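Beneath this line is the structure, given in structure tokens, with notes to follow.
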Amino acid sequence: MEAPARPRTRPLAWILLAAAVALVAAPQVLFLADPGLLARILAVADVVLAHGLQVVLLGLLPLLVLLLVLNPVLWWRFRAFVRRYRQRLEFDEVRAQHLYRTLHEHPSALNLLEFARLLCEAHRYPQALPFLAAALEKDDKDPWIHHYLARCFQALDLPQKAFEHASQAFLLDPDLGTGENLLLTDELALAIGNAQVGYNLADRFHTLYGDSIRGLLYLARALHDLGRQDEAHQALRKLLDLGPSRGRRYLPEEHLARIAARRALARGVRP
């Protein structure tokens, strides 16, 4: 009986394994050797990936359209996916109609605020303003009314008015939305050029809630505007070290904050 043949090695598998190990180990080695170099490489990679995605989309879009035309099943599945996606993002029409009918019978500040909140969540900020103004006339001590007014004015590029309402909401309830209004007030303070207030708010958020991606980004901006460049760079490096992306899915604003931190470290400018 012949001896069984030894399994043949697959060079491609070994090459892929070595490449995977290199991709995992290279950033760690670069970070230990020179964090600034790693930040510059990641900033360049962001630009390359952005242009690469545009090229891929332009090349794959005609192919995708052809597949949808030739295969009706794929077309119906695509429509079902789009419908489910829109249901998560679209304005809740049924809830809005019910609230709108309720407003005629009971135009209370709470109902006006709830209807305006639905409009804000659908990014219909100009339509939400009249309802928030009416709610404010009925109850000017409700911090949520001031919070959503701040969001509306921020979306309409009126940072000074937005900061005034966010500050009022902060005075009425410093922990509104578990610190969400605190971050909004901090962002608006930096937008209008009040770096000292931005620093104080960022420091308060850090004291109450610990390190967070947005909190560290605003802290770095405030420190940069105050001329404390070394501390600003330390905050940015701490931001990049916070929660390394090992399986964690970041929120969109957190992902953008990390990209801004990488570019700021690479260029030495305000994030």
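Dividing the mean sequence gap of close Cα pairs (under 8 Å, 6+ apart) by how many residues region 101-179 holds gives a relative contact order of 25 percent.
Net length available on complete extension from L16 to R267 is 87.0 nm, with 0.36 nm assigned per residue and the Cα-Cα distance removed. When you filter the trypsin sites (Lys or Arg not before Pro) in region 187-271 for DSSP loop state and at most 16 other Cβ atoms inside 10 Å of their Cβ, you are left with R228, R246, R248, R249. In the complete set of protein chains, residue-level accessible area for F131 is approximately 50 Å², probe 1.4 angstrom. In the context of the full set of protein chains, residues of region 142-271 present 49 Å² of accessible surface per residue (probe radius 1.4 Å, heavy atoms only).
Taking the protein heavy atoms of region 148-217 in the context of the full set of protein chains, the accessible area attributed to carbon and sulfur is 50 percent at 1.4 Å.
The values are calculated or read from the model by the stated rules, or taken from the named source; none is laboratory data. Nothing here was measured: the structure is a model prediction, and the numbers come from that model. Neighbour counts run over all protein chains shown; Cβ positions are idealised from the backbone, glycine included. Note: areas computed on protein heavy atoms with side chains; ligands, DNA, RNA excluded. Shrake-Rupley method; radii C 1.70, N 1.55, O 1.52, S 1.80 Å.
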